[in-house]
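Quick notes on the structure that follows.
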Amino acid sequence: MPSNDTTVRALAKSEQDELTSCEETISRGARSLLSIGAALLAIRNQRLYRASHKSFEEYAFDRWELSASTRKRLVNAAEVLKTLGDAGAVALPANVEQALPLYDLPEGARCEVWRSVLANQESTGQHITAVVVETTITAYRGEIELQSKRGHIGPRQASAEDTPETVPET
């Protein structure tokens, strides 16, 4: 049972080694979930379940005991990775939680938002989390809505409403 002591203290060498080992296991597990999603995506898309099951959903539950929500999370994350990989992304989401917020975006927008997430991470050093990805999506949608109200979607053009600080560089 965890202690209620919330004091931050240095770890002994053996404790640091144990922490490192546990964190490596978690990291491998996060990557393996994405691999599982990619395998499920291939089974679903190629209908490789059809020799034993009538549907992918039935197969995933009978063979792997995957609930509908778990199956959907893994497959959706794998679809995002495929989109980003096919678009030539230099780095892909490291876990399901980073990938899932991108799923509801159109494929082109997924790439644009992910590039923004990576650029932000590079400039700030901030860890990429689901919240960071969701915040970037919110900003992206806000910019699209603003452009739509101005009657222009695409590269932003200067307007009479712009102040000198907001005029796009040409």
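Here is a list: Thr124, Thr135, Thr83. Which entry is within 18 Å of Leu34 (Cβ to Cβ) and among the polar types (S, T, N, Q)?
Thr83
Quick one: is Ala42 modelled with pLDDT of 90 or more, surrounded by 10 or more Cβ atoms within 10 Å (Cβ to Cβ) and part of a helix (DSSP H, G or I)?
Yes.
Within the range 132-152, how many residues are touching an Asp or Glu at 6+ places or on another chain (Cβ under 9 Å) and within 14 Å of Ala94 (Cα to Cα)?
Number of matching residues: 1.
Find the residue count for the range 81-113, including only residues that are free of Cβ contacts under 8 Å to residues at least 60 places away in the same chain and under 17 Å from Val131 (Cβ atoms).
10
Could you tell me whether any residue of the range 50-62 is touching a residue at least 40 places away in the same chain (Cβ under 8 Å), open to solvent by less than 60 Å² (accessible area, probe 1.4 Å) and out of contact with any Cys (no Cβ under 6 Å at 6 or more places or on another chain)?
No, there is no match, as no residue in the range 50-62 is touching a residue at least 40 places away in the same chain (Cβ under 8 Å), open to solvent by less than 60 Å² (accessible area, probe 1.4 Å) and out of contact with any Cys (no Cβ under 6 Å at 6 or more places or on another chain).
Scan the range 143-155 and give yes if some residue there is surrounded by fewer than 11 Cβ atoms within 10 Å (Cβ to Cβ), at pLDDT 90 or above and part of a helix (DSSP H, G or I), otherwise no.
The answer is no; no qualifying residue exists.
Would you please name the residue that is surrounded by the most Cβ atoms within 10 Å (Cβ to Cβ), looking only at residues in the range 20-31 that are more than 14 Å from Arg73 (Cβ to Cβ) and small (Gly, Ala, Ser)?
Ser27
So which residues in the range 69-99 are of a type in the set (Val, Ile, Thr) and loosely packed, with under 15 Cβ neighbours inside 10 Å, if there are any at all?
The answer is Val90, and nothing else.
Conditions first: (1) under 11 Å from the mean Cα position of the chain (by Cα); (2) in a loop (DSSP other than H, G, I, E, B). His127 passes all but one, so which condition is the exception?
(1)
A quick yes/no check of all residues on (1) in contact with a helix residue (DSSP H, G or I) (Cβ under 7 Å, 6 or more places away or on another chain); (2) not in a loop (DSSP other than H, G, I, E, B):
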{"site": "Leu11", "(1), (2)": "yes, no"}
{"site": "Thr25", "(1), (2)": "no, yes"}
{"site": "Ala38", "(1), (2)": "yes, yes"}
{"site": "Ala60", "(1), (2)": "yes, yes"}
{"site": "Thr83", "(1), (2)": "yes, yes"}
{"site": "Asp104", "(1), (2)": "no, no"}
{"site": "Trp114", "(1), (2)": "yes, yes"}
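Taking the options Ser14, Ser32, name whichever one is over 15 Å from the mean Cα position of the chain (by Cα) and among the hydroxyl-bearing types (Ser, Thr, Tyr).
Ser14
Please work out which one of (1) open to solvent by less than 40 Å² (accessible area, probe 1.4 Å); (2) assigned to a helix (DSSP H, G or I) is the condition Leu66 fails and give its number.
(2)
The values are calculated or read from the model by the stated rules, or taken from the named source; none is laboratory data. Only a predicted model underlies this, so the values are computations on that prediction, with no experimental measurement involved. Please note: Cβ atoms are built from the backbone with ideal geometry, for glycine as well, and neighbour counts cover all protein chains shown. Note: areas computed on protein heavy atoms with side chains; ligands, DNA, RNA excluded. Shrake-Rupley method; radii C 1.70, N 1.55, O 1.52, S 1.80 Å.
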